[in-house]
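First comes the structure, then the notes that go with it.
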Amino acid sequence: MNDPIPRLRIRGLYKRFGPKVVLDGVNLDVMPATSMVVIGGSGSGKSVLLKCILGLIEPDHGVIEIDGKNILTLPRNERELTRARIGMLFQAGALFDSLPVWENVAFGLLARHKASRADARARANDFLGQVGLAATVGDLSPAELSGGMQKRVALARAIASQPDILFFDEPTTGLDPIMGAVIDGLIVDCVKRLGSTAVAITHDMASARRIGDQAAMLLNGRIIWSGPAGDLMSSGSKEVDQFTHGRREGPIQMELRR
């Protein structure tokens, strides 16, 4: 019996900016309908990894496969069609200030001419409901929303195209612990409802355990550990243990002193 093909497969991914090596041969598999969390400190390469997958940054070398197809070598139109299957929740929400909330949620549908404005509004109301917001919120501007509400709207936009793959960039940053737990719960519910594969990058350990089925740690541009998210606090790796428990002393500190 053949092994299942990973929804996302990364092999030998390298990216440097001048003399600074940010990704140093990243290897990572994410299976279909699985939630993967990638943890790591500031500057470890988490955001650059996401941007390479999304096509916002061109890697220097490596393979990024979605359902067995290397998107880096696909013709441009096929690459764009493949990436159109991805939904993204940005760290700061990245809502368009000039558009009302409902148009933010339905932006992808309208931009790709997949719905009339009336239909897009109705669908936006539905997705707002899925993240616990009333349809009347759709008439507000992003500036009128609290931080937690902005995150919910950004999540509604991410799921509006019903993507196969969802990416979350530090989904709980800037939120209090209770609202962070609410957003994580909504993420888990939405991923299960869609049957999507999810990848989240975070340094919030509580969030990582709530969101993830699997986890991996990025350090110095490499994946140094991967396993069940439930094992994050007892991984057996000195580096992961230091990071997840927030210890000042340990191998990561020694590496930084070199």
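List the number of the failed condition for Val101; all other conditions in (1) in contact with a Gly (Cβ under 7 Å, 6 or more places away or on another chain); (2) at pLDDT 90 or above; (3) farther than 18 Å from Arg157 by Cα hold.
(3)
Can you name every residue in the range 56-85 that is small (Gly, Ala, Ser) and at pLDDT 85 or above? Before you say what the answer is, go through the steps one by one.
Step one: list which residues in the range 56-85 are small (Gly, Ala, Ser), which gives 62, 68, 84.
Gly62, Gly68, listed by residue number.
Quick one: count up the residues across the range 2-21 that are closer than 22 Å to Ile66 by Cα and either among the aliphatic types (A, V, I, L, M) or in contact with a strand residue (DSSP E or B) (Cβ under 9 Å, 6 or more places away or on another chain) (or both).
Just the residues of the range 2-21 that are closer than 22 Å to Ile66 by Cα, to begin with: 2-15.
If we keep only those that are either among the aliphatic types (A, V, I, L, M) or in contact with a strand residue (DSSP E or B) (Cβ under 9 Å, 6 or more places away or on another chain) (or both) as well, we get 5-15.
Of the residues in that region, 11 qualify.
Pick from the range 80-122 the residues that are farther than 22 Å from Lys51 by Cα and among the basic types (Lys, Arg): which of them is surrounded by the fewest Cβ atoms within 10 Å (Cβ to Cβ)?
Looking at the filtered set, the residue picked out is Arg117.
If a residue has to be crowded, with 19+ Cβ neighbours inside 10 Å and either in contact with a Cys (Cβ under 9 Å, 6 or more places away or on another chain) or of a type in the set (Gly, Ala, Ser) (or both) to count, how many in the range 194-225 make the cut?
9
Look through the range 23-48, keep the residues that are in contact with a Gly (Cβ under 6 Å, 6 or more places away or on another chain) and within 27 Å of Asp164 (Cβ to Cβ), and return whichever of them is modelled with the lowest pLDDT. Lay out the reasoning, then the answer.
Start the filter on the range 23-48 by keeping residues that are in contact with a Gly (Cβ under 6 Å, 6 or more places away or on another chain), which leaves 23-25, 33, 35, 37, 45-46.
Next, from what is left, pick out any that are within 27 Å of Asp164 (Cβ to Cβ): 23, 25, 33, 35, 37, 45-46.
Working: Leu23: 93, Gly25: 92, Ala33: 88, Ser35: 91, Val37: 94, Gly45: 84, Lys46: 87.
Out of the qualifying residues, it is Gly45.
Please state which of the following conditions Val48 fails to meet, knowing it meets all the rest: (1) among the β-branched types (Val, Ile, Thr); (2) over 19 Å from the mean Cα position of the chain (by Cα); (3) under 30 Å from Pro251 (Cβ atoms).
(2)
Kindly evaluate Gly12 against the criterion of being at pLDDT below 90 and either of a type outside the set (A, V, I, L, M, F, W, C) or within 29 Å of Met233 (Cα to Cα) (or both).
On the way: at pLDDT below 90: no; either of a type outside the set (A, V, I, L, M, F, W, C) or within 29 Å of Met233 (Cα to Cα) (or both): yes.
For Gly12, the condition - at pLDDT below 90 and either of a type outside the set (A, V, I, L, M, F, W, C) or within 29 Å of Met233 (Cα to Cα) (or both) - is not met.
Which of the residues belonging to the range 106-120 are at pLDDT below 85 and either touching a His at 6+ places or on another chain (Cβ under 7 Å) or part of a loop (DSSP other than H, G, I, E, B) (or both)?
Scanning the range 106-120 gives Arg112, His113, Lys114, Ala115, Ser116.
Which is under 27 Å from Leu109 (Cα atoms) and outside any helix (DSSP H, G or I), of Leu166, Leu186, Leu218, Leu175? Show your work before the answer.
Working: Leu186 fails: outside any helix (DSSP H, G or I); Leu218 fails: under 27 Å from Leu109 (Cα atoms); Leu175 fails: under 27 Å from Leu109 (Cα atoms).
When all the criteria are applied, what remains is Leu166.
Given (1) in contact (Cβ under 8 Å) with a residue 24 or more places away in the chain; (2) among the hydrophobic types (A, V, I, L, M, F, W, C); (3) within 14 Å of Arg152 (Cα to Cα), where does Ala134 come up short, assuming only one miss?
Every condition holds for Ala134 apart from (1).
Being of a type outside the set (Ser, Thr, Tyr), under 22 Å from Ile159 (Cα atoms) and under 19 Å from the mean Cα position of the chain (by Cα) narrows it down to one of Val37, Val26, so name that one. I'd like the intermediate steps shown before the answer.
Numbers: Val26 fails: under 22 Å from Ile159 (Cα atoms).
One residue alone meets the criteria, Val37.
With respect to Val26, determine if the residue is on the phi < 0 side of the Ramachandran plot, crowded, with 21+ Cβ neighbours inside 10 Å and either in a helix (DSSP H, G or I) or of a type outside the set (D, E, K, R) (or both).
Numbers: on the phi < 0 side of the Ramachandran plot: yes; crowded, with 21+ Cβ neighbours inside 10 Å: yes; either in a helix (DSSP H, G or I) or of a type outside the set (D, E, K, R) (or both): yes.
It is true that Val26 is on the phi < 0 side of the Ramachandran plot, crowded, with 21+ Cβ neighbours inside 10 Å and either in a helix (DSSP H, G or I) or of a type outside the set (D, E, K, R) (or both).
Provide a single number: the residues in the range 1-23 that are more than 15 Å from the chain's Cα centre (by Cα), not small (Gly, Ala, Ser) and not in a strand (DSSP E or B).
7
The values are calculated or read from the model by the stated rules, or taken from the named source; none is laboratory data. It should be emphasised that the depicted structure is a prediction, and the values quoted were computed from it without experimental measurement. All Cβ positions, glycine included, derive from the backbone under ideal geometry; neighbour counts span all protein chains shown.
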